[in-house]
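Just so it is clear, none of the values below were taken in a lab; they were calculated from the coordinates. Just so we're clear, the structure is a prediction, and the values are computed from it rather than from any experiment. In this analysis, Cβ positions are derived from the backbone assuming ideal geometry, glycine residues included, and neighbour counts consider all displayed protein chains.
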């Protein structure tokens with residue numbers, strides 16, 4: 001497993017996407033799957049940085065771990081911001097997604113895109129650490 | 001690739017060309033460009049996305065902002081969105097809320 005620690009700031013998002021994209025290319029994932037995983041990680045990292053750290057007046061790091069086996073590619077984001085389980089958030093319904101833009105609520109889309117884009121998502125909280133896990137199956 | 005959002009007013013149309021990667025770090029740049037366009041009171045907002053390589057939900061939220069800021073009567077056209085950027089718009093239902101075209105006019 002390869003680990004990278006980055007400061008939890010929005011400026012780090014492009015570096016995080018680059019790390020994920022490189023791991024996907026090494027693993028031989030398709031362009032579509034690569035994009036979906038990079039988007040999922042980007043959306044959850046954005047939540048961690050803005051809601052987990054900045055809105056709390058906290059600073060810290062995000063640790064990105066990358067692990068490839070012959071079956072799948074796993075990305076893990078770890079942070080010490082406030083506890084936040086993306087699976088527990090209310091997501092836009094099919095009815096919400098059909099609404100004209102004038103009537104749209106702004107929010108929930110990022111987590112929706114993240115959870116819909118990966119083959120498996122998991123969240124754990126232990127010892128004051130949030131652990132978001134994303135898995136893409138290899139063909 | 002660095003993000004850029006360039007506004008050009010053509011008659012009653014606001015044309016914004018987006019390039020690079022649109023994530024939460026740069027979404028405010030796009031939002032400010034939309035705000036400048038809104039001040040010109042355009043009848044149509046045309047977004048050129050053929051050089052946009054990545055768009056997170058922060059970019060979609062600016063589209064919602066654009067519609068709500070400019071009003072119901074201002075149509076939004078998205079030109080040249082392809083591949084995953086188009087998929088993201090389709091997954092979130094935005095393809096029904098804007099006019100998607102391959103080229104313009």
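With Cα atoms defining each centre, the stretch B:74-105 and the stretch A:60-108 are spaced 23 Å apart in the structure.
Residues B:64, A:63, ranked from the fewest to the most other C-beta atoms within 10 Å, line up as A:63, B:64. The fewest-to-most ranking of B:79, A:111, A:62 by surrounding Cβ atoms within 10 Å reads B:79, A:111, A:62.
Quick check: residue separation of residue A:99 and residue A:69 times 0.36 nm, minus the Cα distance between them. What number comes out in nm? Don't jump to the answer; show the numbers that get you there.
Working: separation 30, 0.36 × 30 = 10.80 nm, distance 4.13 nm.
So the extension gain works out to 6.7 nm.
Quickly estimate the mean residue ellipticity at 222 nm for the protein assembly as shown, helices only: each DSSP H run with n ≥ 4 gives -39500 (n - 2.57), and the total goes over all residues, rounded to 500.
On the way: 7 runs with 82 residues, N = 244.
One gets -10500 deg cm²/dmol as the mean residue ellipticity at 222 nm.
Ignoring solvent entirely, what values of log10 I(q)/I(0) come out of the Debye formula for the stretch B:1-47 at 0.15, 0.22 Å⁻¹ when each Cα is a single scatterer? Calculated log10 I(q)/I(0) at the listed q: -0.36, -0.70. Relative intensity of the stretch A:62-139 on a log10 scale, I(q)/I(0) at q = 0.15 Å⁻¹, equals -0.64, per a Debye sum over C-alpha point scatterers of equal strength in the absence of solvent.
Across every pair of non-identical alpha carbons in the stretch B:55-105, the mean reciprocal distance, once inverted, gives a Kirkwood radius of 11.3 Å. All alpha carbon pair distances within chain B were sorted into 10 Å bins beginning at 0; the resulting P(r) in whole percents reads 16, 56, 28, 1. Ordering A:95, B:19 by the number of other Cβ atoms within 10 Å of each residue's own Cβ, fewest first, gives A:95, B:19. Across peptide B:86-98, the average count of Cβ atoms from other chains found within 10 Å of a residue's Cβ is 5. In this simple spin-label model, placing a label point 7 Å from the Cα along the Cα-to-Cβ direction at both residue A:139 and residue A:22 gives a separation of 2.5 nm.
Our summary of shape: the Cα atoms of the protein assembly as shown have principal axis extents of 57, 40, 34 Å, ordered from largest down, in whole angstrom.
Over the Cα atoms of chain A, what is the Rg over Rh ratio if Rh follows Kirkwood?
0.97
Note on the stretch A:18-87: Rg/Rh from C-alpha atoms, Kirkwood Rh, equals 1.03. With 0.36 nm allotted per residue and the present C-alpha distance subtracted, the residue A:88-residue A:128 stretch has 12.6 nm of extension available.
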